[in-house]
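Input: a single structure, listed below in structure tokens.
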Amino acid sequence: MNDSTALALRRLSHVYVGDKGASLAVEGIDLAVAKGEFVSLVGPSGCGKTTLLSLLAGLFPPTTGEVWLGGERVFGPSPKVGYMLQQDYLFPWRTIRDNAAVGLEIQGTKSKETMKKVDGWLEELGLGGSGYRYPHELSGGMRQRVALARTLVTEPEVLLLDEPFSALDLHIKMQLEELVVETLGKLGKTAVLVTHDLSEAAAMSDRVIVLGRNPGHIRKEIAIPEPIRSTDPIEARKLPGFQTLFEELWAELDAVDEGKGGESHA
Ligand code: ADP
Ligand code: MG
């Protein structure tokens, strides 16, 4: 692992042990993500995407192999990692400001000073007038922006995004993709996104990792070519090379299904 590596998985395998015995979820994963890089994980349901994000977040240790964050082995959750999920998990009884401040409370750093940062992020993410409203008064897209503010306020170095846009309407989803890429890009943050939307993966990322299943493994890495990579997600979809890239990803996922008997790409 060198100085420019933000996170890495080394010879990593994970077995879940439950009532019905042990099942090998992912096997032999080697992955390094550079500082400031945006990487997407795509693959069929059950191929281990959420497992990999949980291991990166230090939520539980891998059965074998290593997780690295910056120059340090991961043995548990770290404030350097922020997590954003499909569900926003906002507390209904708290205002938007107080929801966005949850991470600060957990860290024990909530103060007048840090609440200014909360308000700054709400403003930056287009929620300036909504700080004293409650979650039920907000649309799905606005709620996810609150979840993003809550994540960014604690200043993580790495963001892990597990299908954060998949419950949203298409045009809201695309606006949010744009906002996330722009915001993380400006801050130089490292991000790993799990998505079942190939177009989203291609439009947002520097690199797309295609996973196969039974057990989960890295099947292919596709570097997103210029200029798609440096163009914002909505415009990137209109570029001449985009369709070809999409088809390449599609063919990889089809090959996963043909190999193991058809299932959906969810
Ligand atoms: P994905 O996010 O790609 O859909 P997951 O990481 O959720 O995949 O799951 C990978 C495999 O591990 C699947 O076979 C799933 O059934 C299994 N699995 C996930 N979580 C658990 C768990 N807590 N206990 C047992 N098996 C699990
Ligand atoms: Mg999942």
**Area of Lys220 that stays accessible when all protein chains are in place (1.4 Å probe, Å², to 10)** = 80
**Request:** For region 132-239, just the Cα atoms, rotate onto the principal axes and tell me the three extents in Å, largest first.
**Result:** 46, 35, 28
**Prompt:** Where in the chain are the DSSP H helices whose C-alpha atoms run 15 Å or more along the long axis and whose mean Kyte hydropathy is at least -1.0?
**Reply:** 140-153, 170-187, 242-260
**Request:** Find the Rg to Rh ratio for the chain, where Rh is the Kirkwood radius over alpha-carbon pairs and Rg uses the same atoms.
**Result:** 0.97
**Message:** Is there a quick way to get the dipole size of region 92-170? I mean about its Cα centre, with the Cβ of Lys and Arg at +1 and of Asp and Glu at -1; what is the value in debye to the nearest 20?
**Reply:** 320
**Request:** Just the number, please: carbon plus sulfur as a percent of the accessible area of region 84-155, 1.4 Å probe, no ligands or DNA/RNA counted.
**Result:** 52
**Accessible-area order (highest first, 1.4 angstrom probe) of the listed residues Phe75, Phe60, Phe242** = Phe75, Phe60, Phe242
**Helix-only CD estimate at 222 nm, as mean residue ellipticity for the chain, using -39500 (n - 2.57) per DSSP H run (n ≥ 4)** = -10500 deg cm²/dmol
**Prompt:** When the scattering of region 65-223 is computed by the Debye formula from its Cα atoms alone, each counted once and equally, what is log10 I(q)/I(0) at q = 0.14, 0.15, 0.21 Å⁻¹?
**Reply:** -0.75, -0.85, -1.47
**Prompt:** Heavy-atom accessible area of Arg97 with all protein chains present, probe 1.4 Å, nearest 10 Å²?
**Reply:** 40
**Message:** Let me cross-check His136: its accessible surface, 1.4 Å probe, with only protein heavy atoms counted, in Å² to the nearest 10?
**Reply:** 150
**Asked** With every protein chain left in place, what is the accessible area per residue of region 84-155 in square angstrom, probe 1.4 Å?
**Response** 51
**Asked** Rank Ser139, Ser78 by accessible area, highest first, at a 1.4 Å probe radius?
**Response** Ser139, Ser78
**Request:** Any of Lys112/Lys186; Lys35/Lys116; Lys80/Lys112; Lys80/Lys110; Lys35/Lys110; Lys173/Lys238 with alpha carbons more than 19 Å apart? Name them for me.
**Result:** Lys112/Lys186; Lys35/Lys116; Lys80/Lys112; Lys35/Lys110
**Prompt:** Any idea of the accessible area per residue across region 12-81, 1.4 Å probe, to the nearest Å²?
**Reply:** 46
**Complete:** In whole angstrom, the spacing between the Cα centers of region 141-171 and region 46-71 equals 20
**Asked** Once the dipole of the chain is set up with Lys and Arg at +1 and Asp and Glu at -1 on Cβ about the Cα centre, which of His196, Val181, Gly126 lies farthest towards its positive end?
**Response** Gly126
**Message:** What three numbers, in Å, describe the spread of the alpha carbons of region 1-69 along their principal axes, ordered from the longest?
**Reply:** 42, 23, 19
**Asked** Roughly what % of DSSP beta bridges within the chain run antiparallel, to the nearest 5?
**Response** 55
**Heavy-atom accessible area ranking, 1.4 Å probe, most first, across Leu187, Leu193** = Leu187, Leu193
**Asked** How many percent of the accessible area of region 199-245 is carbon or sulfur, using a 1.4 Å probe?
**Response** 52
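The values are calculated or read from the model by the stated rules, or taken from the named source; none is laboratory data. Computed from a predicted structure; not experimentally measured. FYI the Cβ positions are ideal-geometry reconstructions off the backbone, even for glycines, and counts take in every protein chain you see. For the accessible areas, the whole protein counts, side chains as well, though only heavy atoms, and no ligand, DNA or RNA atoms are used. Shrake-Rupley method; radii C 1.70, N 1.55, O 1.52, S 1.80 Å.
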